[in-house]
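Undergrad: Before I ask anything, here is the structure I am working with.
Since every read-out is calculated from the coordinates, none of them should be taken as a lab result. In this text, all values refer to a predicted model and were calculated from it rather than measured experimentally. Please note: Cβ atoms are built from the backbone with ideal geometry, for glycine as well, and neighbour counts cover all protein chains shown.
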Amino acid sequence: MSWPENSPPQRDGDAAAGIEVTDEFERFAQRNDVFTRAFWDDGVKSKQTDKFFASYRMEAAPRRGDGFTQKDFALRNASWLISDVISDRNAAEGKREGFQSSILCDTPVAKDKVNVDDPAKMSAEVKRISKFFGANLCGVTDFDERWLYTSRVDTRDMTDAPHDLPGGLNSVIVLGHEMDKELVATYPSALAGAATGREYSHEASIVMQVAAYIRNLGYEAVPSMNDTGLVIPYAVKAGLGEYARNQMVITPEYGPRLRFSKIFTNLPLEQDTPKPQGVRAFCDICTKCADACPVKALPFGPPSTDTANVSAIKGVRKWTSDAEKCFSFWAKLSSDCAICMRVCPFNRDYEKPVNRMWLKLALSPLRKLALRLAKDHGERKKPAEWWKVE
């Protein structure tokens, strides 16, 4: 597949999605994401980062208090198992599938194509199939090259390597996977990390199964998690939610409590459109996530094109975190941190009528009242409480 130079900054649908791309735009090199830099960049790599990665193999799990016991680390690491099996299976070839390389397809593309004369009906079918396999949300958007990484990473020496995508791809199916709200309430803790790992394992199987279904129909489908491209702009343009100050996608069903995966395909599909409802206006007046961040990695001001370091895309006006500060705290914990997710006023159980009422208020001109009502929202739950058998 031939890779384009930097695409024209603005495209149809950007404004509705709240995406503002400037003339300084540059596609992002995945080698510069902070997790990859922790393997090759001495400015990020340290004894603490080595300990962080080792803790996922129980080689350096700290023993220090509630939420960080051996039991907590054991559950977190077990939750990652399926994802780890997939990401490690072609490590000898420098491909960490789902993270620094797209997931290799075990299912060949069928020789005979199923005729698709109604892309809207096929989109509805794909959404139904996605939910059947376990996805909580599903949307479709266009194959926008701006959000593709410039290359993948060969994990044998951490150098740039070409993507292995086939030609002719024109759509991206975006899947959302809900994180356990009771575990999220215990961030920061190793226990809470099980909410992250469980969804990576879920999405690895789900995205592969949905891609296999499409390939069995005779069309290309490449399953992808954190690899190949930035999923947040695809999720926003697929109408699943809106971008927020905490760097997450706020959805009306689950707030920020989601992981996202994606499938690149040429299956004829009707694409969804962005559905702005007012999250941006709420985030303009809310700084709960930035206030709560222990290392002040989140911005307080309005969206801008400022970037703290190379681990941020250039030329996009948005709220941008300092990834180095953020990851330094992760390394110190030897686990991931999502305090910003926990304290977000949109992090609620929307099956409850009172929370649906709050959401309507937050997305209305009465958002300041909604913010006042969320003053004490998001307090941390003690991890030991989660372990108690009721």
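Undergrad: Describe numerically, in nm with one decimal, the distance between label points set 7 Å from Cα along Cα→Cβ at ALA92 and at SER46.
TA: My value for the distance between the label points is 3.7 nm.
Undergrad: Also, I was wondering about something else. Taking the Cα centre of each part, how many Å lie between segment 124-141 and segment 60-83?
TA: Distance between centres, Cα-based: 31 Å.
Undergrad: Work out the charge dipole of the chain with +1 on the Cβ of Lys and Arg and -1 on the Cβ of Asp and Glu about the Cα centre, then indicate which of ILE86, TYR56, ILE339 is farthest towards its positive end.
TA: Sorting the options by dipole projection puts first ILE339.
Undergrad: When the helices in the chain are scored as -39500 (n - 2.57) per DSSP H run of 4 or longer and the sum is shared across all residues, what 222 nm value do you end up with, to the nearest 500 deg cm²/dmol? It would help to have the intermediate numbers written out before the result.
TA: On the way: 16 runs with 138 residues, N = 390.
Only helices count here, giving -10000 deg cm²/dmol.
Undergrad: Let me ask something else. Under a GNM of the chain (C-alpha, springs under 10 Å), which listed residue has the highest mean-square fluctuation: ASN115, ASN309, ASN266?
TA: Answer for the Gaussian network model of the chain: ASN115.
Undergrad: Once the piece of chain linking GLU145 and LEU366 is laid out straight, how much longer is it, given 0.36 nm per residue of separation minus the C-alpha distance between them?
TA: Details: separation 221, 0.36 × 221 = 79.56 nm, distance 3.81 nm.
Full extension of this stretch gives 75.7 nm more.
Undergrad: Further, regarding this structure: Give me the net charge of ARG146's neighbourhood, meaning all other residues with Cβ under 9 Å from the Cβ of ARG146; Lys, Arg count +1, Asp, Glu -1.
TA: Working: positive: ARG11, ARG27; negative: ASP144, GLU145.
Net local charge, ARG146 excluded: 0.
Undergrad: If you rank ASP376, ASP160, ASP41 by fewest surrounding Cβ atoms within 10 Å, what's the result? Please list the in-between numbers first.
TA: Values: ASP376 6, ASP160 13, ASP41 18.
In order of increasing Cβ crowding within 10 Å: ASP376, ASP160, ASP41.
Undergrad: Report, in listed order, any pair from LYS127/LYS375; LYS95/LYS381; LYS45/LYS314; LYS181/LYS332 with a Cα-Cα distance greater than 32 Å. Can you show the working numbers first?
TA: On the way: LYS127/LYS375 37 Å; LYS95/LYS381 38 Å; LYS45/LYS314 23 Å; LYS181/LYS332 24 Å.
The pairs that break the limit, which is 32 Å between Cα atoms, are LYS127/LYS375; LYS95/LYS381.
Undergrad: By per-residue mean of other Cβ atoms within 10 Å, what is the highest-first order of 328-339, 24-35? Walk me through the numbers before you get to the answer.
TA: Working: 328-339: 21.1, 24-35: 18.6.
Put in order of decreasing packing, that is 328-339, 24-35.
Undergrad: Using 7 Å Cα-to-Cβ label points, what is the ILE129/LYS352 separation (nm, one decimal)?
TA: Calculated label separation equals 3.8 nm.
Undergrad: Right, another one. Compute the distance in nm between two label points, each set 7 Å from the Cα along the Cα-to-Cβ direction, one at MET58 and one at ASP118.
TA: Going by the 7 Å Cα→Cβ label model, 5.3 nm.
Undergrad: Right, here's the next one. How large is Rg over Rh for segment 208-257, taking Rg from the Cα atoms and Rh as the Kirkwood inverse mean of 1/r across Cα pairs? It would help to have the intermediate numbers written out before the result.
TA: Values: Rg = 13.6 Å, Rh = 12.5 Å.
On the Cα set of segment 208-257, Rg over Rh gives 1.08.
Undergrad: Next question, about the same structure. Once fully extended, how much extra length lies between ASP157 and VAL295, figured as 0.36 nm per residue of separation less the alpha-carbon to alpha-carbon distance?
TA: Values: separation 138, 0.36 × 138 = 49.68 nm, distance 3.07 nm.
Separation in residues times 0.36 nm, less the Cα-Cα distance, equals 46.6 nm.
Undergrad: Tell me which aspartates and glutamates have Cα within less than 13 Å of LYS113's Cα, excluding those fewer than 8 residues away on the same chain?
TA: GLU220
Undergrad: Taking the Cα centroid of segment 342-390 and of segment 196-228, what is the distance between the two, rounded to the nearest whole Å?
TA: Measuring centre to centre over Cα atoms gives 31 Å.
Undergrad: On to the next question. Set Lys and Arg Cβ to +1 and Asp and Glu Cβ to -1, take the dipole of the chain about its Cα centre, and tell me which of MET158, PRO383, PHE35 lies farthest positive.
TA: PRO383
Undergrad: While we're on this one: Direction-averaged shadow area of the convex hull around the Cα atoms of segment 231-376, nm²? Numbers along the way, then the final one.
TA: Values: hull surface 41.0 nm².
The orientation-averaged projected area of the Cα hull of segment 231-376 comes to 10.3 nm².
Undergrad: With charges only on Cβ, +1 for K and R and -1 for D and E, what is the dipole size of the chain about its Cα centre, in debye, rounded to 20?
TA: So the magnitude is around 1500 debye.
Undergrad: Counting only C-alpha contacts under 8 Å and six or more residues apart, can you give the relative contact order of the chain as a whole percent?
TA: On the way: 783 pairs, mean separation 88.8, N = 390.
About 23 percent, as a whole number.
Undergrad: Rounded to whole Å and sorted largest first, list the principal axis extents of the Cα atoms in segment 165-322.
TA: If we take the Cα atoms of segment 165-322, the spans are 50, 36, 31 Å.
Undergrad: If the elastic network links every pair of Cα atoms under 10 Å, which of GLU242, GLU178, GLU379 fluctuates the most in the Gaussian network model of the chain?
TA: Judging by the Gaussian network model, the answer is GLU379.
Undergrad: Now for a separate question. Binned at 10 Å from 0, what are the whole-percent values of the Cα-Cα distance distribution for segment 328-385, short to long?
TA: 21, 42, 23, 14, 0
Undergrad: Rounded to the nearest angstrom and ordered from largest down, what semi-axes does the equivalent ellipsoid of segment 112-169 get from its C-alpha gyration tensor (root of 5λ)?
TA: Working: eigenvalues 186, 50, 29 Å².
Three semi-axes, in Å: 31, 16, 12.
Undergrad: Using the count of nearby Cβ atoms within 10 Å as a rough guide to exposure, how do ILE285, ILE103, ILE82 rank from fewest to most? Mind dumping the intermediate values first?
TA: Values: ILE285 10, ILE103 25, ILE82 17.
Final ranking by Cβ density, sparse to dense: ILE285, ILE82, ILE103.
Undergrad: I'd like to know which of VAL109, PHE143, PHE132 lies farthest towards the positive end of the charge dipole of segment 107-147, counting +1 on Cβ of Lys and Arg and -1 on Cβ of Asp and Glu.
TA: Value computed over the given set: PHE132.
Undergrad: State to the nearest 20 debye the size of the charge dipole of segment 160-260 about its Cα centre, where the only charges are +1 on K and R beta carbons and -1 on D and E beta carbons.
TA: Working: 7 positive and 11 negative charges, 36 e Å.
Dipole magnitude for segment 160-260 comes out near 180 debye.
Undergrad: Next up: Per the Kirkwood treatment, what hydrodynamic radius in Å, one decimal, follows for segment 16-68 from the mean inverse distance over all distinct Cα pairs?
TA: Working: mean 1/r = 0.0705 Å⁻¹.
Result for segment 16-68, one decimal place: 14.2 Å.
Undergrad: Summing Lys, Arg as +1 and Asp, Glu as -1, what charge do residues with Cβ under 13 Å from the Cβ of MET58 carry, MET58 excluded?
TA: On the way: positive: LYS51, ARG57, ARG63, LYS71, ARG76; negative: GLU59, ASP72, ASP84.
Summing Lys/Arg as +1 and Asp/Glu as -1 gives +2.
Undergrad: Using only the alpha-carbon atoms of the chain as identical scatterers, what base-10 log of I(q)/I(0) does the Debye formula give at q = 0.09, 0.12, 0.15 Å⁻¹?
TA: For the chain at q = 0.09, 0.12, 0.15 Å⁻¹, log10 I(q)/I(0) is -0.52, -0.97, -1.59.
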